[in-house]
1. Considering each of 178, 251 in turn, give the residue that is in contact (Cβ under 8 Å) with a residue 24 or more places away in the chain, under 20 Å from residue 292 (Cα atoms) and more than 15 Å from the chain's Cα centre (by Cα).
2. On the basis of being within 16 Å of the ligand (Cβ to nearest atom) and either at pLDDT 95 or above or not assigned by TED's automatic domain parsing to the domain that holds residue 71 (or both), does residue 138 make the cut?
3. What single numbered condition from (1) within 16 Å of the ligand (Cβ to nearest atom); (2) buried (at least 19 other Cβ atoms within 10 Å of the Cβ) fails to hold for residue 187?
4. Could you list, in sequence order, all residues of the stretch 43-80 that are assigned to a strand (DSSP E or B) and at pLDDT below 95?
5. List pairs: first in the stretch 15-34 and on the phi > 0 side of the Ramachandran plot and at pLDDT 95 or above, second buried (at least 16 other Cβ atoms within 10 Å of the Cβ) and not in a helix (DSSP H, G or I), Cβ under 9 Å, 6+ apart or cross-chain?
6. If I filter the stretch 231-244 down to residues being in contact with a helix residue (DSSP H, G or I) (Cβ under 7 Å, 6 or more places away or on another chain) and at pLDDT 95 or above, which single residue comes out as farthest from the ligand (Cβ to nearest atom)?
7. Looking at 234, 194, 254, which one is under 30 Å from residue 107 (Cβ atoms) and not in a helix (DSSP H, G or I)?
8. So which residues in the stretch 81-104 are away from the ligand (no atom under 16 Å from the Cβ), in contact with a helix residue (DSSP H, G or I) (Cβ under 8 Å, 6 or more places away or on another chain) and not in a helix (DSSP H, G or I), if there are any at all?
Ligand code: SF4
């Protein structure tokens, strides 16, 4: 499937993707490097990666990598997590500016101030953070969850403690529903999952009789209410693979995920749910993450060749590591 170019941040001259792939393969050997690619980066990068997956799988894969260098094709907080789990390895990311609107909606200083306020009110609570947070935020938390393991971790928090869930209010609301635990929700959200059009989804359902809707729990409640299967990217992939009968799936998550679905379950048809309609009547390309789209084959090649940009170890990584370890590995 070819994806629209949504992020014209680069003026790099055109280079043949096949030549770039060959060059990357050579550089991987020369630099003793492995490539980890999130399901939301372009299919071409997923195809040359040694590991692909969602945040949870990649965080675990990062601990299995045998090469001395990791190239993390995703966004900044993912590169940080890979470094935290592998302090002795060099971790490169193709573009330092590949951030995350959700991570940015919860700055560490604001979280620390809010936690302090709660403590001064005598509240006893655990802070549970979605993995889409900076390492500085992780270091302030008790637990880190992904959409794949959130339910299991929340059930581990003692029933007599309150829960502050950061930063995704939609995922938090969904988790309150499935676990029955009340939580204080930080008012953050993802710019991609926030904008799926309920009207567009209803129309797509009408146009595709007998289709099923699969959605990421970062989507707002009105989308989740008419969804047949809710799960993180890996759970969605497992779900479509479990159905043998050719089916049309309406997909409410980042559009690059369709590449992974088509590779894993080619018997099905996958239709991206459109984003909201703009004032001019056009559908915006908001179902592509502009941060993930900063990853290109050229930048993967360049960061391998130049051994830069690199995620440098920070003091607070140690505390974040202890939280990640107990949450994701044990
Ligand atoms: S899709 Fe949303 S949550 Fe994921 S990296 Fe992009 S902005 Fe962050």
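1. Checking each option against the conditions leaves just 251.
2. yes
3. Of the numbered conditions (1) within 16 Å of the ligand (Cβ to nearest atom); (2) buried (at least 19 other Cβ atoms within 10 Å of the Cβ), the odd one out for residue 187 is (2).
4. Across the stretch 43-80, the qualifying residue is only 53.
5. That search, which allows pairs on different chains as well, returns 32/67; 32/69.
6. Checked the stretch 231-244; the qualifying residue farthest from the ligand (Cβ to nearest atom) is 241.
7. Matching residue, one of 234, 194, 254: 254.
8. Within the stretch 81-104, 86, 87, 89, 91, 92 meet the criteria.
The values are calculated or read from the model by the stated rules, or taken from the named source; none is laboratory data. A quick note: this is a predicted structure, and the numbers were derived from the prediction, not measured. Glycine also receives a Cβ, built like all others from the backbone with ideal geometry; neighbour counts cover every protein chain displayed.
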